[in-house]
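Inspection log for the structure reproduced underneath, given as C-alpha cells.
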Amino acid sequence: MGEAAQPLPSACILCSENCGILTVPASGHLTRIRGDRNHPSSAGYLCEKAQALDHYQNHADRLDRPLRRSSDGRLEEVSWETALREIAERIRDLREQHGPTSMAFYGGAGQGNQLHLAWAVAFRLAIGSPYLYHALGQEKTGEFWLDGALFGSQACHTSPDIAHTELVMLSGTNPWHAHGFPRARNQLREISRDPARTMIVVDPRRTRTAELADHHLALRPGTDAFLFAAMLAVIVGEGLEDREFLERRTTGFERVREKLLEVDVDTYARRAGLDPARVRDVARRFATASSACVRSDLGLQQSYHSTLNLYLEKLLVLLTGNFGRRGGNNIHAQTIPLLWHSDPSAPDWEQRKTRVTGMIPIAGFYPPNILPAEIDSEHPARIRGLVVDSANPAVTSANSEAYRRAFRKLELLVAVDTSRTETTELAHYVLPAASQFEKYECTFFNWGFPVNHLHVRHPVLPVREGCLPEQEIYRRLALAISDDPSSNPLLGPLLQVMEHPALKQLSPDLRAAAAPLFIASQQFVEQHRAAVLRAGIEDRGQGLGAALFERIVGSPSGTEISHHRYEDTFSFIRHPDGRIHLDVDLMFRWMDDLRHEAASEARSDPEFPFVLCAGERRSSNATTNLRDPAWRPRDPDGALAIHPADARALGVADGDRLLVESRTGSIEVEVRVDEGIQPSCVSLPHGFGLGYTGSDGERVVRGPAINALTASDHCDPLAKTPYHKTVPVRLRRPPAPGA
Ligand SMILES: Nc1nc2c(c(=O)[nH]1)N[C@H]1C(S)=C(S)[C@@H](COP(=O)(O)OP(=O)(O)OC[C@H]3O[C@@H](n4cnc5c(=O)[nH]c(N)nc54)[C@H](O)[C@@H]3O)O[C@H]1N2
Ligand SMILES: Nc1nc2c(c(=O)[nH]1)N[C@H]1C(S)=C(S)[C@@H](COP(=O)(O)OP(=O)(O)OC[C@H]3O[C@@H](n4cnc5c(=O)[nH]c(N)nc54)[C@H](O)[C@@H]3O)O[C@H]1N2
Ligand code: SF4
Ligand SMILES: [Mo]
C-alpha cells in the first residue's frame, strides 16, 4: 500500500458498475489508470469517466477534519472524540425526549462504497429507528414493491441476461452513457452488429443507444404504460403468450388476459405517439424471439405511471415465458441483503409508517420525496434528528428549497462525507470519511445471474490524515449510544466476529471491514452451497463459508462467488405456492385509470408547455461524486438540450442562455440545439449545480441545479418516486444584463 511503482488493482467508483482498474499511486494521486483485465465482470473495460478519478481523490473540497457548528453559525474544527461524544449525547437526548422515531438515516451507501453498510445498519438499530431514506426510494422502490406482489418478496430482484439473449428491449435507459450492465458499450455494439440479435430501444430521445437499435420506438415522454399495454394486448389478442410456462409457473393469467383485452391497441399506440402497425410488429417480434429480456431504468421509473410502467414491462417478460431461462430476466442471489421485504403483515407495521405522511417502507426504504414534510411540520412526532451518509440530498432530492428549509429546522443534522457538499454546509456535525481509495471497499450491486462476482477492493493510498473509514465511525457511535451492545442484533455479532480467529490475524482496519463479509460468507454458503462450489470455491477443511471468505478478501481484482443454474431462479420465489402471482389488484385499478386517460385529452399544461427531462446521464456527469468542474473536458455548464425548431422559435442558438421555470422554481441555463430531442421536450443533466471552492477561496456553482425545479408531490402515488423525467416547464430568454 502507499507509494508503489507497480500498478495496484482497485475500481472506478463513478457508477454502479464499479469496473476494475489498475492504477499507480504516486504522491497521493491516482495515476496511469487503465482497465484491469483480471476483473471478473469488466475484464479490462472502462469508459472515459474513469480517467477523472483523481478529481474524486484530490480536490479543494475534500474534508479532513471533523467540524461542528458553533454558536455564530460557522463550522469549526473539533477532535473526533469531541464530535462523536457530542453526537452520541444529542442522539440520546432526542431518544429520551421524543423517542427513537424522531430520528432518521439518509443514504449509507453510494455508487462504490457499501462495505460499511452493516455497521451503519447496526448504528441505526442502536438508535432504534426504522427510517432509512435512500436514493433507491427515488428510483427503484416501485419495482421492488411489484417484485413483492409477483414473487412474494420485495427482495426478489431480477436481472436481465443480456449477454445471452437474442432480443433485448432497453426502455427508458441509455446504457451508452449510464451503463447499468457490464461492458455496456461493447455489448451494445455486439448486439447491434449481429444480424441474429435484436435491440429495441424505447426512448423519446434519439440517444447514442437508440442509434444502435434495430427498432427505436421514440414515444412521447410519459406514455410508456400505453405502449406496453398495447404490446401486451397484441400478444394475448393473438395468442402469442407462453401457455406452458404460464400454466406451470404462474397464477392469475386469466384475469390479466381479460384486463389486457380491454385495451384498444390503436388508441394506446397513438397516445404514445407511435404507429399502431409498428407497435404490433414489435410486440410480435418480442413474443416470438427464442429468448428476450428487458432492462429499464429512470425513463420508466421517473415518468408518469411509474409503478404501472414497470408492472407492464415485467408482464412482457412473464407472459412470454422469458423468465428462469438463458437470455431472459431472472431473480439473482444477493451477497448481503441490500433489499429486505417490508411486510404489511408484520406486527410492528403501523409503527413503521411515517408519522406525518403515513408512508410505508418498501424493501426497507423510505422515499426522499416525503422527507421535507416529515421534518418541516408541527406534528409532535416529526423527524428532529438526521444522519446523512454518502448522499447529498440538499441537491439530489426533489425540491432543493424545501429540503434546505427542512434541514434548517432539524435539531441535529450529521453528515458523513468525503467532501464539503450542499448538505454538509447545513449540518451541525460534519464527519470526514476516508476516500474509497484509502480503505477496503466494495459494492453489493453485484446482481449478476447466473454468475455472481464480488470485488472487495484493497486500499491503494493511505487514509488522509484526519479522516476515518465509516466502519470505525459507526462502530464508535453505535457503542456510545448503546447501553447493551450485545443485545443489538447486528452490532453484537459484528463485535463478536471481530474476535474470531479467522479475523484476528488480519490488520486492524481490515478486521472491521471484513467482519460483515465473514458473516455474509457463512450465510451465502448456507443458501447457495451448490452455486458456490460450482464457482470453484473449495472447502479445504476450514468450512465452505470460511473458504469463500478467504477467496473474497484475497482477490484484490475481484472473484466469481457463485454460479447458478437458470432454473434455480424458481427456488428464489417466496410465495408459499412457489408460483409467480401475475394479477396485482392495485395495478388493475391503475390500468382502469389508464383506460380513462386514453379516452381523454393528453396531459398538457398551457402555462408550462415544455416537458423537461430533469436529470439525463451524459459523459459529463457522475452523480455528484466529482465536484471540481475541471474534470469535465466538455459540456462544462451542463447545457439544456432543445429541438432546433423550438430554439428558432425562442430565438436562441448554441451557447445562448434561457430561463427554465417550473411551478417550483427557476434556473438559468446554457442552450445546446439537439436534433435527437423531440419538439416541446427539453433535457438537463443530473449531477450539476454543485458548489466548488476556487483557487481564490470563493465558492462557485456551475451548471443547472435541476432540483430547484422539481416538486415533492410530482410523484408516483404508491412509491412516491419522483416524475423527474416529465417535469412541466416554460422557457424564456433571461432579461438582458442591466435591464
Ligand atoms: N454518466 C453517468 N452514468 C451514470 C450516472 C451518472 O450520473 N452519470 N448515474 C447512475 C445512476 S445513479 C443511475 S440511477 C443510472 C440511470 O441511468 P439511465 O436511467 O439509463 O439514465 P438517464 O439518462 O437518467 O435516463 C435514461 C433515458 O430515459 C429517457 N426518457 C426520458 N423520459 C422518458 C420516458 O417518458 N419514457 C422512456 N421510455 N424514456 C424516457 C431519456 O431520454 C434517457 O435517454 O445511471 C447511472 N450511470
Ligand atoms: N432531478 C433529478 N434528481 C435526481 C436524479 C435525476 O435523474 N434527476 N437522479 C437520482 C438518482 S438515480 C440518484 S442515485 C441520486 C444520487 O444522489 P445521492 O444519493 O445524493 O448520491 P451521490 O450523488 O452519488 O452522492 C454521493 C455523495 O457521497 C460522497 N462520497 C463519495 N465517496 C464517499 C465515501 O467513501 N464515503 C462517504 N461517506 N461519502 C462518500 C460524495 O462526496 C457525495 O457527496 O440522485 C437522484 N436525484
Ligand atoms: S463510470 Fe465507466 S469506468 Fe467507471 S464504473 Fe461506470 S462504466 Fe465503469
Ligand atoms: Mo441512481
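The values are calculated or read from the model by the stated rules, or taken from the named source; none is laboratory data. Note that the structure is a prediction, hence the values are computed from the model and not measured. Cβ atoms come from the backbone with ideal geometry, glycine included; neighbour counts cover every protein chain shown. The protein model used for the area step is the full one, side chains on, heavy atoms only, and it has no ligands, DNA or RNA in it. Shrake-Rupley method; radii C 1.70, N 1.55, O 1.52, S 1.80 Å.
Qualifying trypsin sites (Lys or Arg not before Pro) in region 573-627, where qualification requires a DSSP coil assignment and no more than 14 other C-beta atoms within 10 Å, comprise R603. Spatial offset of region 1-59 relative to region 135-213 amounts to 26 Å, using the alpha carbon center of each. On region 387-433, 43 percent of the accessible area sits on carbon and sulfur atoms, based on a 1.4 Å probe. Of the DSSP H helices in the chain, those with a Cα length along their own long axis of 30 Å or more and a mean Kyte-Doolittle hydropathy reaching -0.5 comprise 508-534.
Residues within the reach of a label modelled at A43 (point 7 angstrom out along Cα to beta-carbon, backbone nitrogen below 15 Å), restricted to region 155-189, are 162-165, 181-189.
With +1 on each Lys and Arg Cβ and -1 on each Asp and Glu Cβ, how big is the dipole of the chain about its Cα centre, in debye rounded to the nearest 20?
That gives a dipole near 700 debye.
Full extension of the chain segment joining D266 with T251 gains 2.5 nm, where the gain is 0.36 nm per residue of separation less the Cα-Cα distance. Cα centroids of region 84-131 and region 596-632: how far apart, whole angstrom? Spelled out, the Cα-based centre of one part sits 33 Å from the other. Legend: distances between Cα atoms for K314/K353; K140/K725; K259/K720; K353/K720; K49/K140; pairs beyond 21 Å are K314/K353; K259/K720; K49/K140. Between the beta carbons of E378 and S666, assuming R0 = 22 Å, the FRET efficiency works out to 0.15 to the nearest 0.05. Put a dot 7 Å past the Cα of Q505, heading toward its Cβ, do the same for V700, and the two dots end up 5.4 nm apart.
Legend: calculated FRET efficiency, R243 to Q542, from the Cβ-Cβ distance at R0 = 35 Å, rounded to 0.05, equals 0.10. Across the protein chains, with a 1.4 Å probe defining accessible surface, the residues W631, W590 rank W590, W631 from largest area downward.
The stretch between R208 and D605 holds 139.9 nm of extra length on full extension. This uses 0.36 nm per residue minus the Cα-Cα distance.
Rounded to the nearest 10 square angstrom, L261 shows an accessible area of 90 square angstrom against a 1.4 Å probe. Taking Cα centre as origin and charging only the Cβ of basic (Lys, Arg, +1) and acidic (Asp, Glu, -1) residues, the dipole magnitude of region 193-263 rounds to 300 debye. Quick one: check the C-alpha center-to-center distance for region 657-686 versus region 345-397, whole angstrom. When both Cα centres are located, 31 Å separates them. Once both labels are positioned 7 Å from their Cα atoms along Cα-to-Cβ, the gap between R326 and N58 label points is 4.9 nm. Under the combined filter of DSSP loop state and at most 15 neighbouring Cβ atoms within 10 Å, region 499-580 retains these GluC sites (Glu not before Pro): E499, E538.
Ordering A50, L477, L718 by the projection of their Cα atoms onto the charge dipole of the chain, which places +1 on the Cβ of Lys and Arg and -1 on the Cβ of Asp and Glu, puts A50 at the extreme positive end. Consider a paramagnetic label point 7 Å from the Cα of S680 along Cα→Cβ; state which residues of region 265-279 have an amide N under 20 Å from it. Those under the cut-off are 267-276.
Using a Förster distance of 35 angstrom, determine the FRET efficiency expected from the C-beta separation of D484 and Q527, and round it to 0.05. Could you put the intermediate results ahead of the total?
Numbers: r = 30 Å, r/R0 = 0.86.
Working from the Cβ atoms, E equals 0.70.
Share of region 659-701's accessible area from carbon and sulfur, percent, 1.4 Å? Solvent-exposed carbon and sulfur of region 659-701 make up 45 percent of the total. Counting only DSSP beta bridges with both residues in the chain, tell me the antiparallel percent, nearest 5. The antiparallel fraction comes to roughly 50 percent. What the chain shows is 37 Å² of accessible area per residue, with the surface traced by a 1.4 Å probe over protein heavy atoms. Loop-located trypsin sites (Lys or Arg not before Pro) in region 509-558 (DSSP state other than H, G, I, E, B) with a sparse environment of at most 14 neighbouring Cβ atoms within 10 Å: R540.
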